[in-house]
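Below is one structure, written out as structure tokens; the observations come after it.
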Amino acid sequence: MNSLSNWTVSAQQHVEYRVEIVDGVFDRDNLALVDGEAGARRLIVTDAVIDDLYGDRIRAWAEANLSEHRLLVLPHGETNKSWDSVDTVLETIDSFKLDRRREPVIAVGGGVLTDIVGFACSIYRRNTPFIRVPTTLIGLVDASVGVKTGVNFRAGKNKIGTYFAASRSLLDTSFLASLNDRHVSNGLAEILKIALIKDSVLFELLAGHGAAALASRFQAQTSQERAIIGHAIAGMLEELEPNLWEHKLERLVDYGHTFSPTIEMRALPELLHGEAVCLDMALTTAISLNRGHMMTSQARRIFAVMKSLGLPTEHPAMELGALANALEDTTRHRGGLQRLPLPYGIGSATFANDVTTSEIAEALETIKALSPENAKVAA
Ligand SMILES: NC(=O)c1ccc[n+]([C@@H]2O[C@H](COP(=O)([O-])OP(=O)(O)OC[C@H]3O[C@@H](n4cnc5c(N)ncnc54)[C@H](O)[C@@H]3O)[C@@H](O)[C@H]2O)c1
């Protein structure tokens, strides 16, 4: 019998979005961004660095292909990943009188910019579609692939945000030509993460061709460069798709993200996110080695690849007390268990719930022995 005082509602939300590699997204005659429909109205949001580098090209494309447009330029960088930036996007959407059913907002930039715009779109009228055009390697293989949006809040990284899918992500690798080496390495760290936990083919690609991809900024257009990006995105999506809302707390993509938030915050602004992730991966590789999850030769190869990708394996911010606190902190956020992803050989992983502080101390010593310079002396 139906009750008149107690109801349970159950519904499911269907999510579908496209992630596509598109060359020359702002070439004058390329209509991919408007799904082939010339003469549309669009609000485009970018940051000041992209505006300097690509603003003329974006404006020329918009003038050739849109009936009306506005280009909003936000200040760049992590320190501007704030509510103020969200507010600016919301005001602009409102004053542009955007028809949210037909006029998706276009976000062109790195992870900071696409996270800000995605968050603003998710709350403007509760749901305003947007399209991502990532311009950094982190954006291409990570921030523009999943459904998380957000900004920093009261010193908390990404503390406010939503799960909100962009309707499309158009990935144009030609933007990487203007990135500096460190930002390419930064993205390569997230690619190495996928390789270590689930894709030995990707690891071999990085070992054989990663350094060349870094030197060319992925502009040599070789099949290996394309394969590195393709494998990284496919691997990431394979992990994200069954767990888009992160209800399951054992997540392989958390690899490299247990100790790194603490390392990153301790070293701020010295370390980029991917660099801190790599330090975390160096530590957890050493823990795996000491647990017998991999051979010394495999751990040495991992360290050599990290170095060849321009990534660090040691840093003064990796201090034992801080690392032990980081593990405790993460355990709290992971429902009371460590759920620490650890590489198992190269290309697969396992979860640990019993890593001790003395193991971390031992791993810090192992890191020293594994770093390529010391390995030569030890060999
Ligand atoms: N939503 C997600 O799932 C997700 C995933 C990973 C990272 N992120 C977020 O992404 C952010 C990091 O992303 P990022 O590394 O792209 O940082 P970023 O957006 O700050 O870009 C780095 C710098 O490079 C500049 N830049 C961007 N494209 C350029 C280009 N083509 N040429 C030259 N300079 C360029 C930017 O203006 C900025 O100064 C973090 O805030 C992180 O939280 C989000």
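The values are calculated or read from the model by the stated rules, or taken from the named source; none is laboratory data. Being a predicted model, the structure only gives us computed values, none of them experimental. As a convention, Cβ positions derive from the backbone with ideal geometry for all residues, glycine included, and neighbour counts pool all protein chains shown. Please note that ligands, DNA and RNA were not included when accessible areas were found on the heavy atoms of the full protein model with its side chains. Shrake-Rupley method; radii C 1.70, N 1.55, O 1.52, S 1.80 Å.
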Residue pairs qualifying under the 9 Å Cβ cut-off, at least six apart or on distinct chains, with the first in region 30-42 being more than 23 Å from Ser95 (Cα to Cα) and the second being open to solvent by 50 Å² or more (accessible area, probe 1.4 Å) and of a type in the set (D, E, K, R), are Asn30/Asp23; Leu31/Glu37
Report whether or not Arg126 is without any contact (Cβ under 8 Å) to a residue 12 or more places away in the chain and either near the ligand (Cβ under 8 Å from one of its atoms) or open to solvent by 10 Å² or more (accessible area, probe 1.4 Å) (or both).
yes
What are the pairs, 6+ residues apart or on separate chains, where a residue within region 98-123 that is modelled with pLDDT under 95 has its Cβ under 7 Å from a residue that is within 11 Å of the ligand (Cβ to nearest atom) and open to solvent by less than 20 Å² (accessible area, probe 1.4 Å)?
none
Taking the condition open to solvent by less than 60 Å² (accessible area, probe 1.4 Å), at pLDDT below 95 and in the same structural domain as Ile194 (by TED's automatic domain parsing), does Gly345 pass?
no
Selected residue [without any contact (Cβ under 8 Å) to a residue 12 or more places away in the chain and either in contact with a Pro (Cβ under 7 Å, 6 or more places away or on another chain) or more than 9 Å from the ligand (Cβ to nearest atom) (or both)] from Arg168, Arg154:
Arg154
Tell me, which helices (runs of 4 or more DSSP H) lie completely within region 217-332 with 1 or more residues that are open to solvent by 30 Å² or more (accessible area, probe 1.4 Å), in contact with a strand residue (DSSP E or B) (Cβ under 9 Å, 6 or more places away or on another chain) and of a type in the set (S, T, N, Q)?
296-308
Output for region 220-247, where each listed residue is in contact with a Lys or Arg (Cβ under 9 Å, 6 or more places away or on another chain) and among the charged types (D, E, K, R)
Glu238, Glu239, Glu246
When the residues of region 72-113 are narrowed to those that are away from the ligand (no atom under 12 Å from the Cβ), open to solvent by 70 Å² or more (accessible area, probe 1.4 Å) and not in a helix (DSSP H, G or I), which ends up farthest from Arg41 (Cα to Cα)?
Arg101
